[in-house]
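**Q** Structure in structure tokens, see below.
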Amino acid sequence: STSTTSRSGQPSASQTTGGGAGRDQWVFPERKRLAEPGAGPASDRYVKASSAFRTPRYRALYRQWLEDPKNTLWMAGSPIVADAVDRGHGEVECVELSRQYLHLSPLVDVA
């Protein structure tokens with residue numbers, strides 16, 4: 001049995017990360033196909049599921065998937081970070097930056 005809350009009483013990280021990413025891997029190729037000129041209509045399955053994939057998380061995953069389709073969904077679905085957070089060995093901290101760092105954007109994905 002897996003825990004549904006972390007030590008802080010918040011929903012477990014495994015509930016908010018991964019999960020559906022690998023299971024729904026058909027959505028991104030279909031979305032890419034639909035963006036191509038002359039693409040046929042969307043499948044009924046895509047139309048029904050597409051509203052769930054309009055969140056910022058899935059938009060970011062899609063952009064990353066366009067660059068690295070082989071590894072993106074695997075990494076997003078990996079339980080490693082979620083497990084660390086749930087056990088209290090890791091945490092996710094959101095910090096609002098006081099200014100923009102757009103001048104550093106060319107450095108992203110350079111490693």
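The values are calculated or read from the model by the stated rules, or taken from the named source; none is laboratory data. All figures in this text were calculated on a predicted structure; none of them were measured in a lab. The accessibility values were calculated without ligands, DNA or RNA, using every heavy atom of the protein model including side chains. Shrake-Rupley method; radii C 1.70, N 1.55, O 1.52, S 1.80 Å.
**Q** For a bin width of 5 Å, list the pair-distance distribution of segment 27-111 built from all Cα-Cα distances, rounded to whole %.
**A** Answer for segment 27-111: a P(r) of 3, 10, 14, 17, 19, 16, 11, 7, 3, 1, 0 percent.
**Q** Can you give the Kirkwood hydrodynamic radius for segment 41-80, in Å, rounded to one decimal and based on Cα pairs?
**A** Taking every pair of different Cα atoms in segment 41-80, averaging 1/r and inverting gives 11.3 Å.
**Q** Further question: If DNA, RNA and ligands are ignored and the probe is 1.4 Å, what is the ranking of L102, L66, L61 by accessible area, most exposed first?
**A** These residues rank, largest area first, as L102, L66, L61.
**Q** Can you send over the carbon and sulfur percentage of the accessible area for segment 54-111, probe radius 1.4 Å, protein chains only?
**A** Of the solvent-accessible surface of segment 54-111, carbon and sulfur hold 58 percent.
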